[in-house]
Amino acid sequence: MNAADLAARVQTLLDAGRLDDALAEATRWTARRPGDAAGHLAVAHVMLMRGQRDRALLAAERAHRLAPDAPGVLGLLGGLLLAAGRAAEAEPLLRRACEIDPLQTEARAGLCGALMVLRRLRDAAEAAEAGLALCPEDAGLLQRRGEAALLMGRAERAVEFLGKAALRDPESLEIARSLAFASNYDATEAGRIAAVHGAYGRLLTEATVAPAGWTPARVMPGRAPPEPMTIGLLSPDLRDHPVGRYVLPLVRGLDRSRFRIVGLAAHRADDAMARALRGLVDDWCDALPAAPAALAQLIRQRNVDVLIDLAGLTSGHRLDVFPLRPAPLQGTYLGYPATTGLAHVDFRLVDSATDPPGGPATGPERLVRLDPCFVCWRVPREAPEVRARDPGPIVFGSFNNLAKIGDRAIELWARVLAAAPGSVLAVKALGLRDEPTAATLLAQLHSAGVSRERVRLLAPTERYEDHLAQYGGIDIALDTFPYHGTTTTCEALSMGVPVVSRAGDLHAGRVGVSLLRAVGLEDLACGDDEAFVSAAATLAGDAARRSRLRTELRGRVERGPLGDERAFASRFGEAVLGAWRAEAGERAGGGGP
């Protein structure tokens, strides 16, 4: 048997699910031929299939030392390094694989991924385009091209590429996830959001295999909520991340005589926020990547009554455990502005501003409203004092991520600048570190009628306090549309900067309505384009109101419903108890999935 035969034999065993036999075949080869890269490459493939990425990486590194220019080795090692968060090391290996074999589509897709992580967005798009010129039907390259387009603020193009990828490979979970995720930045129709998320939910459910003897948990008909109730918070973002900042006041404020909290951390971070959260919850456990069945067992062992996802379809999520139903009641909250698409998620926590009663349905979850506001935000301890604006032109600003700055937002902002002569626009986003991407944004603004001298591109900052201090140079923040900011709006308000928002019909485009109502700025949550332009231009011309808001807004955040953690935590607890009672009552009446 030669190396090609070995690869074919191992792949046949892997396809049949015989992972132990595949590993035995590969290790026998390496024992007989330790200097042959083929055996180590086969071991790496098997370890990857077993979910043992660290061991797969070691085997791939051995293969690379023995065959430094083998495209298959370069591609696999580069992909493993990328998955391990080592994009800078992965990029040259993946590039070399493409140079040696231009038809290595997986390596080229990996190269695009590495370039996106490194924020070389134009390079990523061009790498995908080069691959599509050779393999125009390749679903992986179409996916990467779409993801690069989204990061560059081209949501319509992103959805176009990802839609094509989904047609080419309708069974791909990752492509379905990327399409659903990107649609939030472009879609204004509930039916479209429901369709793409529903497709993802069905694929994920089909892919999740229950272990032998597993019994899904259920809320028994008529059963009263447990006392105390154990709530499991499952997220890759229980760390120094916006989700962590919103969760902190929740876990501080929940009544521990009525609720226990289990932190299910799907990350390796050990930063100050992770340590603070770990010290506040009743139990903290590792929910790092593992088979869904193993995670389900871990959750079951913790006697979790209500499992709440805090990530939705964002990177690192663990929605794959929900079809197993390890907890009687399951919900989603906070980390994602849309449905999960999963029938196994019973409820979604929102409010009446983000999701008005009688509004369009986008998913299977029951909507549970945390009125008057679905989040609690505490002014960060790193926040510098609010200072008066220095004399100068009116500065409108946006610190939102570049994916949210699409054609609709640019068109609205251009109209605002035209209505406020002499004003300028300051934009800050990580994607603007990439000079070609920054040039593209400037060109888009210029096409919309905004000259270069009226645009300031702000450099990213390393320290959070420096980021917050940059709001000191902003008079008025302009929200993005159709996907609003959340944390950026809370930060702006905390720093005395009013935000003007254009309200849409879906949750992603109504978060600004909720946050502005919570600080008494309902008039800045505008129902149409004309009202948005008028509100921004009017505020720009009202120096007295801007000055008053600059001194008042932090206090409004701290003392209003947005910052009242005790009241928020009480509402949250009652909402979860209400969701339990609703499920128990519905099942008693014969309803429910």
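Quick note: the coordinates plus some simple rules give every number you see, no bench work behind them. This is a predicted model, so every value here is computed, not measured. All Cβ positions, even for glycine, are placed from backbone atoms using ideal geometry, and neighbour counts span all protein chains on display.
The table below gives the values:
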{"quantity": "Helix 435-447 vs. the chain, principal-axis angle (Cα, 0 to 90°, nearest 10)", "calculated": "40"}
{"quantity": "³J(HN,Hα) computed for each position of the range 381-393 - Karplus, 6.51 cos²θ - 1.76 cosθ + 1.60, integer Hz, glycine/proline x", "calculated": "5, 7, 5, x, 4, 6, 10, 5, 6, 5, x, x, x"}
{"quantity": "Length-normalised contact order of the range 490-541 in % [C-alpha pairs under 8 Å, at least 6 apart]", "calculated": "33"}
{"quantity": "Formal net charge of residues neighbouring ASP271 (Cβ-Cβ distance under 15 Å; K, R +1; D, E -1)", "calculated": "+2"}
{"quantity": "Rg/Rg_globular for the chain, with Rg_globular taken as 2.2 N^0.38 Å and Rg from C-alpha atoms", "calculated": "1.02"}
{"quantity": "Within-12-Å neighbourhood charge of PRO228 [Cβ basis; K, R +1; D, E -1]", "calculated": "-1"}
{"quantity": "Alpha carbon Rg of the range 395-563, scaled by the compact-globule rule 2.2 N^0.38 Å", "calculated": "0.96"}
{"quantity": "Estimated dipole of the range 395-563 in Debye, rounded to 20 [Cβ of Lys and Arg +1, of Asp and Glu -1, Cα centre]", "calculated": "300"}
{"quantity": "Over the chain, relative contact order from alpha-carbon pairs under 8 Å, at least 6 apart, %", "calculated": "12"}
{"quantity": "Local electrostatic count, LEU94, Cβ distance below 11 Å [Lys/Arg +1, Asp/Glu -1]", "calculated": "-1"}
{"quantity": "The range 543-584 pair-distance distribution - Cα-Cα, 10 Å bins, rounded %", "calculated": "26, 28, 21, 15, 8, 1"}
{"quantity": "Nonlocal amide H pairs with ARG369, under 5 Å, H built at 1.01 Å", "calculated": "VAL350"}
{"quantity": "Rounded tilt (10° steps) of 543-559 against the dominant C-alpha axis of the chain", "calculated": "60"}
{"quantity": "Normalised contact order of the range 395-563, rounded percent, pairs of Cα under 8 Å and 6 or more residues apart", "calculated": "23"}
{"quantity": "Placed amide H near ALA70: partners under 5 Å, 5+ positions off or other chain", "calculated": "none"}
{"quantity": "In sequence order, calculated HN-Hα J values of the range 317-324 (Karplus, 6.51, -1.76, 1.60; Hz; x Gly/Pro)", "calculated": "5, 10, 5, 5, 8, 5, x, 7"}
{"quantity": "Cβ-Cβ FRET estimate between TYR464 and ALA388, R0 fixed at 25 Å, reported to 0.05", "calculated": "0.65"}
